[in-house]
1. Among the residues of the stretch 117-128, are any assigned to a helix (DSSP H, G or I) and of a type in the set (V, I, T)?
2. I need the full set of residues from the stretch 81-97 which are touching a residue at least 12 places away in the same chain (Cβ under 8 Å) and surrounded by 13 or more Cβ atoms within 10 Å (Cβ to Cβ), in order please.
3. Look at the stretch 154-179 and say how many of its residues are part of a loop (DSSP other than H, G, I, E, B) and in contact with a Cys (Cβ under 9 Å, 6 or more places away or on another chain).
4. I want to confirm something. Restricting to the stretch 105-158 and keeping residues that are aromatic (F, W, Y) and in contact with a helix residue (DSSP H, G or I) (Cβ under 7 Å, 6 or more places away or on another chain), which single residue is farthest from I77 (Cα to Cα)?
5. Checking the structure you have, find out if any residue of the stretch 25-36 is farther than 22 Å from I207 by Cα, among the acidic types (D, E), surrounded by 15 or more Cβ atoms within 10 Å (Cβ to Cβ) and touching a Leu at 6+ places or on another chain (Cβ under 9 Å).
6. Scan the stretch 179-234 residue by residue and report those that are among the aromatic types (F, W, Y) and within 21 Å of T46 (Cβ to Cβ).
7. Can you pull out every residue in the stretch 132-153 that is within 23 Å of L221 (Cα to Cα) and outside any helix (DSSP H, G or I)?
8. Tell me which residues, restricted to the stretch 180-234, are of a type in the set (S, T, Y), modelled with pLDDT of 90 or more and part of a helix (DSSP H, G or I).
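The values are calculated or read from the model by the stated rules, or taken from the named source; none is laboratory data. Remember, it's a predicted structure, so these values are computed and weren't measured experimentally. Every residue, glycine among them, receives a Cβ derived from its backbone with ideal geometry; neighbour counts consider all protein chains shown.
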Amino acid sequence: MWKSLLKNIAPRKKEHSLDPLFDYVDTLCEQIRSRSVLKMDLREATYCIIDLETTGLDLTRDVIINAAAVKIKSGRITKIYETYVKPPFPIPPESIQWHGITDDMLLDKPTISEVLPELLSFIGGSLIVGHHINFDIKMLDRHVQESYGSNLEGTPWLDTMLLHKLVMENNTSTELDDLLNVYCIECDERHRALGDSIATAKVFLRILQENSSSYQTLNDLFRAQQDMSRKDNM
């Protein structure tokens with residue numbers, strides 16, 4: 001529904017537009033930023049595992065070309081979202097070597113402005129989870145700001161890399177491949193957003209099982225993760 005509207009809309013600052021789509025996106029961002037979700041019980045919360053493939057790692061210049069999100073509720077995967085995105089410039093060869101996504105594959109794909117309302121709506125009131133997820137949120141935030149003038153600053157999140165260290169405090173592994181080996185999880189289409197997000201979701205479910213007796217609410221786990229992050233930066 002939103003795609004047909006977006007084809008006739010050039011990205012612009014929200015404050016200069018009366019378009020209801022901008023208000024819609026702003027409302028979605030406000031919902032995602034809300035920390036009220038942290039009050040929920042670990043076993044009752046809905047989680048959204050996100051993974052992005054990009055043209056590179058520069059948060060100020062590179063763009064999203066593949067996005068996926070996996071919903072978890074009551075200990076199982078309940079919904080899946082995936083999309084490819086047409087970038088405004090050619091994908092660098094070194095990036096193609098990493099994820100295998102080429103310019104030809106994206107010629108007929110939607111722009112990021114078309115994708116954002118769908119992706120943000122899918123996330124909704126779930127708590128965002130991912131591996132090294134801070135990068136993904138910052139990249140997503142920049143696109144939201146550029147396309148709609150809204151933002152995701154202050155969004156609460158859980159990182160499977162940090163959560164794994166809560167389970168195994170002496171473990172220094174930071175790569176997703178290391179965690180997949182530890183938890184004996186296979187990943188179909190590694191370095192594609194959907195494959196990585198499903199694999200990360202399975203890792204997260206295992207970590208939740210390991211921590212189920214130690215934490216009651218999302219806030220308990222979130223604060224423990226923050227403490228772990230501070231230790232890593234010492």
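1. yes
2. Those that are touching a residue at least 12 places away in the same chain (Cβ under 8 Å) and surrounded by 13 or more Cβ atoms within 10 Å (Cβ to Cβ): Y81, E82, T83, Y84, V85, K86, P87, I91, S95.
3. 1
4. Step by step, filter the stretch 105-158, then rank; the result is Y148.
5. No - not one qualifying residue is present in the stretch 25-36.
6. Scanning the stretch 179-234 gives F204, Y215, F222.
7. H132, L152, E153
8. Correct list: S197, T200.
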